[in-house]
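The values are calculated or read from the model by the stated rules, or taken from the named source; none is laboratory data. What you see is a predicted model, and the numbers here were worked out from it, not measured in a lab. Cβ sites come from the backbone with ideal geometry, for glycine too, and all protein chains shown count toward neighbours. Heads up: the accessible areas ignore ligands, DNA and RNA and are worked out on the full protein's heavy atoms, side chains in. Shrake-Rupley method; radii C 1.70, N 1.55, O 1.52, S 1.80 Å.
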Amino acid sequence: FHIGWVVRDCAAAEEELGGRLGAGPFHHSADASRFEHALVHGKATPFSLKIAFGALGGVLLELLEPLDDRSPHAEFLARNGEGLHHLAYLVPDFDAQIRAAGEAAPPLELLVDGTGPGNPVRWAYLEGGAAHGAVIELLERSARSEELFHDVLALVDR
């Protein structure tokens, strides 16, 4: 579905990626995205991000700017600097994919559980395993996610 890239400043990253690589246009909400009901490493941890989606060729790129120090993205930024954080997949059977990750050999660790009641789309971050360090994001493909991501998907369907 998309490549997640952690950045210090979304606006600066949009400008640089647009100028250097022709990325864009970018789509983002005016407000920060607040995740009130996420479990990070099994612990309730609300966090906020600024998120921008843009086209980079035929690939959808998600820029993630941490707005506090509680998100896994802030942890990533402090440890690694800006860069590739995750590979995201829209999956039609979210529960089956989570079960399969737990039954894999070795099992993939659930890093962030974003299935709380306040989240518009169920999502999770899993340890990357064979993805060589990149986190795997699963997003539930549903009527609601199709509605939410309609404008974002249109960026790469040009």
Anything in the stretch 36-80 that is among the small types (Gly, Ala, Ser) and closer than 17 Å to GLU14 by Cα? List them, or say none.
ALA52, GLY54, ALA55, GLY57, GLY58
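The rows are residues; the columns are (1) aliphatic (A, V, I, L, M); (2) out of contact with any Pro (no Cβ under 9 Å at 6 or more places or on another chain); (3) open to solvent by 40 Å² or more (accessible area, probe 1.4 Å).
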site	(1), (2), (3)
SER48	no, no, no
ALA52	yes, yes, no
GLU75	no, no, yes
LEU84	yes, yes, yes
GLU109	no, yes, yes
ASN119	no, yes, no
ARG122	no, yes, yes
GLU137	no, yes, no
ARG144	no, no, yes
Conditions (1) of a type in the set (Gly, Ala, Ser); (2) under 25 Å from PRO117 (Cα atoms); (3) over 13 Å from the mean Cα position of the chain (by Cα): number failed by ALA12:
(2)
Condition (residue is hydrophobic (A, V, I, L, M, F, W, C) and under 16 Å from ILE3 (Cα atoms)) applied to the stretch 89-106: is it met by at least one residue?
yes
Does the stretch 98-105 include one or more residues that are in a loop (DSSP other than H, G, I, E, B), touching a residue at least 12 places away in the same chain (Cβ under 8 Å) and open to solvent by less than 30 Å² (accessible area, probe 1.4 Å)?
no
Within the set of pairs 6 or more residues apart or between chains, which connect a residue that is among the β-branched types (Val, Ile, Thr) inside the stretch 54-78 to a residue that is assigned to a strand (DSSP E or B) with Cβ atoms less than 9 Å apart?
VAL59/HIS2; VAL59/ILE3
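Okay, residues lined up against (1) aliphatic (A, V, I, L, M); (2) in contact with a Ser or Thr (Cβ under 6 Å, 6 or more places away or on another chain):
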site	(1), (2)
ILE3	yes, no
VAL7	yes, no
ALA11	yes, no
PHE26	no, no
PHE35	no, no
THR45	no, no
LEU67	yes, yes
PHE76	no, no
Of GLU14, GLU62, GLU36, which residue is under 19 Å from LEU139 (Cα atoms), among the charged types (D, E, K, R) and open to solvent by 30 Å² or more (accessible area, probe 1.4 Å)?
GLU36
How many of the residues in the stretch 106-158 are in contact (Cβ under 8 Å) with a residue 12 or more places away in the chain and assigned to a helix (DSSP H, G or I)?
8
